[in-house]
Amino acid sequence: MLRFGTDGVRGRAYEDLLPDDIVRLAQAAAEVLAPTGPVIVGRDTRESSVEFSAALAAGFSSVGVSTIDLGVATTPAVAWAAARASTPGAVISASHNPWHDNGVKLFGPDGRKLNDEIQGALESALSSSDRLTVPTLGAPPRTSDGSELLKEYQQSVARTVDFDGRRLRVVADAAHGSASAVLPGPLQAHGATVAVINSSPNGRNINRRCGSTRPETVAQAVRQQSADLGLAFDGDADRVLAVDHTGELVDGDQIIAICAADRRLGGRLPGNTVVVTVMTNLGFHRAMARRDINVVTTPVGDRHVWSALQAGDWALGGEQSGHVIFPALATTGDGMVTALQLLEVVARRQMSLRDLSAEAMIKMPQVLHNVAADPDSIDDGRLSAAIADAEKALGADGRILVRPSGTEPVIRIMVEAETAPLAETVAAEVARAVNR
C-alpha cells in the first residue's frame, strides 16, 4: 500500500509506484479532499511522468472530478494555481531524485501541502480496495488546458519583488526539469541578464550531473561566463541553491541567513524569528544569536517549517537544501521566489553574493553521508554505541544527527565539528556502524 513520506508518495517508477497506484491515489484524494471544482495537475520531465499524469487525470475523472492540466510545471506553480482556484492540486514529480524514480505531491485548496491527519485519511482510503478500483479504459479523462495559468504564475512570481537588476549577470541551471518550462522569464523581468543551462529535458536527464544536486555544474558556467552569480534549481524547482562569482556554494542556510539579516535591518522580520530544521548548520544559529534573531527548529521537511511559520505568524523559514518559504509570497517552498528575493538583496545593497554570504554567517564544517540501508535491518545497539562515541568526540562544539530519509532508502548521517577532518572521521565511523 502507498505510504506518505517526508514529501508525498515516492518510489521507483513501475516497480514501487505503478500507474494503477496513481489512479487509486487520485480516487482517494477525490474522496478525502472533496474538490468542488477541477483539480489542478502538473508534472515534471521524467520519462514516466506523462503516463503517470494521465493516470492521475483518469483516476479523478473516474469519480466525476475534472482536471486542469498545466503540463510540465514546477511544483510551486501547481500550488499557486491550486490556491488561486481554491481547489486541490497534484503534481507528478520525484523532485531531486534520479529519472527512474517518480512520485505524487498533493496540495489542499489553500495551496499548502497536506498535514499528517489528512495524509492518514488518504492512506486509510487507499486501504479500502473495495471502494477504489482501476477504471476500465474508455472515454478520455475530463481535462482542460492550463497553460494560461502557468503564464499567470510566472507573472505573479515576478511581481513578488521590485528592483533594478540591469547590472546583474546570472546563470540559471534548470536541471533539465520543470524549471525549463518557466525560465528565464521571472528572472529577466527586472532587467537581469540570464543565461539558462541544462534546459533540454529528454525524460532521463533530469537532475543528471546538474541542478541543485550538482551545483559545481552551474559554478563552472558562472566562472566561464564571468557572471555575478549562479542559481541551481532541482527537478521540480521548489528549491534553489546559489553560487557566487567565484563558484563558491551558497546553500539554503546561507540564503536564509542573508534574507533574515536583511529583513531584520529593515524591520521586516516579524517577531525577529526564523524557522529552520534540525539539519541547519550550527554557524547559522551562532550568526542569528549575534543579531538577536530567534531560531525555531523543526524536523526535516518543509511541511514542518510551514506549520511552525503559520503557528508563530512568522515570515521566513526553510531548509539547508534550498527549500525556503516566504509565507506572504508563496504557499510552499518556491525556488523562483527564493531566487528573486536573493537577487533583490544583491541588487539593492550593491554587494556581491560572496560578500553578503560572508557577512551573514560563517559555516561550521559539516559532513553528510548517505548510507544505503534498510532501517529495519540495522543493529540498533551498535549504532547507538557509535553515536554515543561520536558525541563524546565532538564535545560541546559539534553535533551529530542520524535519521532515515523520508524520500530514499538511505540513512542520512550529518556531523558538524570545529574542523573538517574531525567531522569526516566521526561520520565515517558512524557510517561503518550502519553498514555492519
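Here, each number is a calculation from the coordinates, and none is a lab measurement. Here the structure is a predicted model, which is why all the values come from computation and not from measurement. Backbone-built Cβ (ideal geometry, glycine too); neighbour counts: all protein chains shown.
Just to check I understand the Karplus step: with θ = phi - 60° and J = 6.51 cos²θ - 1.76 cosθ + 1.60, what whole-Hz values come out for region 420-436, glycine and proline as x?
In residue order, the calculated couplings are 5, x, 5, 4, 5, 4, 5, 4, 5, 5, 5, 4, 5, 5, 5, 5, 6 Hz.
Could you pull the Cα extents of region 201-286 along its three principal axes, largest to smallest, in whole Å?
Taking the Cα atoms of region 201-286, the three principal extents are 46, 29, 22 Å.
Counting Lys and Arg as +1 and Asp and Glu as -1, what is the net charge of the other residues whose Cβ lies under 10 Å from the Cβ of A417?
Neighbour charge sum, excluding A417 itself: -3.
In region 326-409, if every C-alpha pair distance is counted and binned at 10 Å from zero, what percent goes to each bin?
Calculated over all Cα pairs of region 326-409, the distribution is 12, 25, 26, 24, 11, 1 percent.
Between I197 and residues 5 or more places away or on another chain, which pairs have amide H atoms under 5 Å apart, with H built 1.01 Å from N, and which residues are they?
Long-range HN contacts for I197: A172, D173, A174.
Taking amide H positions as placed in the peptide plane 1.01 Å from N, state which residues far from N281 in sequence (5 or more) or on other chains have amide H under 5 Å from it.
none
Restricting to DSSP loop positions (anything but H, G, I, E, B) with no more than 14 other Cβ atoms inside 10 Å of their own Cβ, which trypsin sites (Lys or Arg not before Pro) remain in region 185-271?
Qualifying residues, ordered by number: R204, R209, R268.
How far, in nm, would the chain grow between R209 and R291 when pulled straight, counting 0.36 nm per residue and subtracting the alpha carbon separation?
Value of the extension gain: 25.8 nm.
Counting only DSSP beta bridges with both residues in the chain, what percent are antiparallel, rounded to the nearest 5?
So the antiparallel bridges amount to about 55 percent of the total.
Assign one of three labels to region 273-352, namely rounded, prolate or oblate, based on the Cα gyration tensor with a ≥ b ≥ c the square roots of its eigenvalues; rounded applies when a/c is under 1.5, prolate when it is not and a/b is larger than b/c, and oblate otherwise.
It is oblate, given that a/c is not under 1.5 and a/b is not larger than b/c.
Which value in nm describes the separation of the simple spin-label points at D397 and E216, placed 7 Å from the Cα toward the beta carbon?
2.9 nm
Going by average Cβ neighbours within 10 Å, how do the peptides 228-238, 351-361, 46-56 rank, with the highest at the top?
Averaged packing, sorted descending, gives the order 228-238, 46-56, 351-361.
May I have the pair-distance distribution P(r) for region 3-57, computed from all Cα-Cα distances with 10 Å bins from 0 and rounded to whole percent?
That works out to 21, 57, 21, 1, in percent per bin.
Given the convex hull over the Cα atoms of the chain, what projected area results after averaging over all orientations, in nm²?
For the chain, averaging the hull's shadow over all directions gives 20.3 nm².
Long-range amide H contacts for H323: which residues qualify at under 5 Å (H placed 1.01 Å from N, peptide plane, sequence gap of 5 or more or a different chain)?
V240
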